[in-house]
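Each remark here refers to the structure printed beneath this line.
The values are calculated or read from the model by the stated rules, or taken from the named source; none is laboratory data. On a predicted model such as this, the values are computed, not experimentally measured, just so you know. Neighbour counts are summed over all protein chains in view; Cβ atoms, including those assigned to glycine, are modelled from backbone coordinates with ideal geometry. All accessible areas refer to the heavy atoms of the entire protein, side chains included, with ligands and DNA or RNA removed. Shrake-Rupley method; radii C 1.70, N 1.55, O 1.52, S 1.80 Å.
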Amino acid sequence: MKNVVIVGAQWGDEGKGKVVDLYSAKAEYIVRYQGGNNAGHTLVVNGKKTVLHLIPSGILHADKVCLIANGVVFDPEVFFKEIDSLLASGAISDRPYDRVRVSDRAHVILPYHRLLDSVREAKAAGGKIGTTVRGIGPAYEDKVSRRGIRVADLLDAKTLRAKIEHAIEEKNVLLKNLYGADPIALDAVYDTCVGLGEKLRPYVADVKSLLMTALEQKRPMLFEGAQGTLLDIDHGTYPFVTSSNTIAGGALTGSGVGEGAIGSVIGIMKAYVTRVGSGPFPTEIEETEPALAEKIRAVGQEFGATTGRKRRIGWLDLVALKYAVQVNGITGLALMKADVLNGLDCLKLCTSYSIGGNTVYDLPSRAEDLARIEPNYDVYPCWPNYDAKEVKGFDDLPEELREYIRKIEAFTGVPVVLLSVGPGREETLELGNPFE
Ligand code: GDP
Ligand code: IMO
Ligand code: MG
């Protein structure tokens, strides 16, 4: 059995949660390795919807172990809320720490990270990133600048106070003088942290070691990415990105397993593209085809699972998709939300861009250039409405949909291994098994 990494191949919200839930049946360990509760992963099982922000999307399978690894920025308050709601719904039983473990090396999101995220966005005027305001960027900044508080630090009340003092020193200067906000009170933060640490103690583990043992025992693992390739801090549409490596490489640094541990990388993509927050989006149709954008948003329920914001809509961008295949080493694609396009008049596929009179086949690096490129489209007939319940295999799909899949495969050079035609776990046609 191979270990599988799930990554978003677009700007997030591709349907990673649904695929992780589905594939969890074949895995024993499900590992979140980057991002934090900026993520919103939706699972629909037997008609019941669950949205997860921090806990891995394998949690609805009673016998699986869910790990939050070192690369995640971890908000303990959000974590406990999520645990409580899973306990209330009966998804987990009275010993949740038997099922969910958190890395002692993960960095903690504290109230001052959320505060900084929000005052910065408020002051940014025209240059807003449109963050989720969950404190993600400020927490990763503290990690890189070596003044972060880690999960293990919360468990040692004796040394914690000095660490928090060091962490807030510069922030208080910024908050007071640049943002006109109240300074952070050391005592209050310290007391909160000590309380959270005590509550967290049974969940804390050396996740890397757990994974090493699991690797030795050849237990199949599923690594759950958050956000998407084009939001990657290095390879995304910088600066309109998140603050972590969302690509498959993030699964290695974010969990501590070596490259040899990874067997397949599955890129999750929608049959169209969405983006939430600011930043360039070459195939966006909000201005060019507003009625169609509204229709797709309504049918696809394209509203953020974390912030409720409207997701911007666009045609499938094969140039950006191929880029995602390359930077992740994607070995198979999961094509999601094909049902949302059922019965449209036509479909457009972006196969190159024009910029300054030239045709280009790769993503420019600068946001300014990304904002002025024009997509070049191939136009195809869309597939009609059809009864997906009658579909048992690829050959039963409408010819136009089969052609769409073939075009994606030919352009990117990788197979479509899963087709999703509804939010439910069962509304899925598996065309391959990435664990084999
Ligand atoms: P994630 O962040 O990548 O896990 O994706 P989100 O959960 O934020 O957004 C995907 C949305 O699409 C969720 O509401 C899912 O329930 C829904 N969804 C997933 N797959 C399909 C599908 O094939 N068809 C439809 N109509 N909805 C889907
Ligand atoms: P999932 O895992 C879509 C976007 C935000 C903003 C940018 C930076 O559900 O696919 P941040 O709060 O991370 O500093 O915001 O990234 N963003 C997402 N967009 N899906 C997500 O996660 C996202 N997480 C962050 O909207 O543009
Ligand atoms: Mg989401």
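For the chain, the Kirkwood estimate of the hydrodynamic radius, built from every pair of different alpha carbons, is 22.3 Å. Extension gain for E170 to R95 (0.36 nm times residue separation, less C-alpha to C-alpha distance): 23.0 nm.
The accessible area of I92, taken with all protein chains in place and a 1.4 Å probe, comes to roughly 10 Å².
Here the accessible area is traced with a 1.4 Å probe on the protein chains. For the chain, carbon and sulfur cover 51 percent of it. Legend: translational diffusion of region 270-430 by Stokes-Einstein, Rh = Kirkwood radius over C-alpha pairs, 10 °C, 1.306 mPa s; D = 96 µm²/s.
With a Förster radius of 35 Å applied to the C-beta separation of D396 and K26, the computed FRET efficiency comes to 0.90.
The trypsin sites (Lys or Arg not before Pro) of region 50-149 meeting both criteria, a DSSP state outside H, G, I, E and B (loop) and at most 15 other C-beta atoms within 10 angstrom of the site's C-beta, are K128, R146. Taking amide H as placed 1.01 Å from N in the peptide plane, I268 has its amide H under 5 Å from the amide H of V7, G8, A9, A334, each at least 5 places away in sequence or on another chain. Taken one residue at a time, the phi angles of region 40-46 give Karplus couplings (6.51, -1.76, 1.60, θ = phi - 60°) of x, 10, 9, 10, 10, 10, 6 Hz. Gly and Pro are set to x. DSSP bridge analysis restricted to the chain gives an antiparallel fraction near 40%, rounded to the nearest 5. Sorting 162-175, 313-326, 219-232 by average packing, meaning the other beta carbons within 10 Å per residue, from highest down gives 219-232, 313-326, 162-175. The value of relative contact order for the chain, using C-alpha pairs under 8 Å at least six residues apart, is 21 percent.
On a 22 Å Cα-Cα criterion, which of the cross-link pairs K322/K389; K49/K81; K163/K208; K48/K348; K218/K322; K64/K389 come out too long?
The pairs that break the limit, which is 22 Å between Cα atoms, are K322/K389; K163/K208; K48/K348; K218/K322; K64/K389.
Phi angles across region 196-206 convert, under the Karplus curve 6.51 cos²θ - 1.76 cosθ + 1.60 with θ = phi - 60°, into 3J(HN,Hα) values of 5, x, 4, 5, 7, 2, x, 8, 7, 8, 7 Hz, Gly and Pro given as x. A Cβ-based charge dipole, computed about the Cα centre of region 270-430 with Lys and Arg at +1 and Asp and Glu at -1, lands at about 540 debye. The angle between the Cα long axis of helix 76-89 and the main principal axis of the chain comes to about 60°, on a 0 to 90 degree scale. A simple rule links phi to the HN-Hα coupling: the Karplus curve 6.51 cos²θ - 1.76 cosθ + 1.60 with θ = phi - 60°, which for region 129-135 gives 7, x, 5, 7, 6, 9, x Hz, with x for Gly and Pro.
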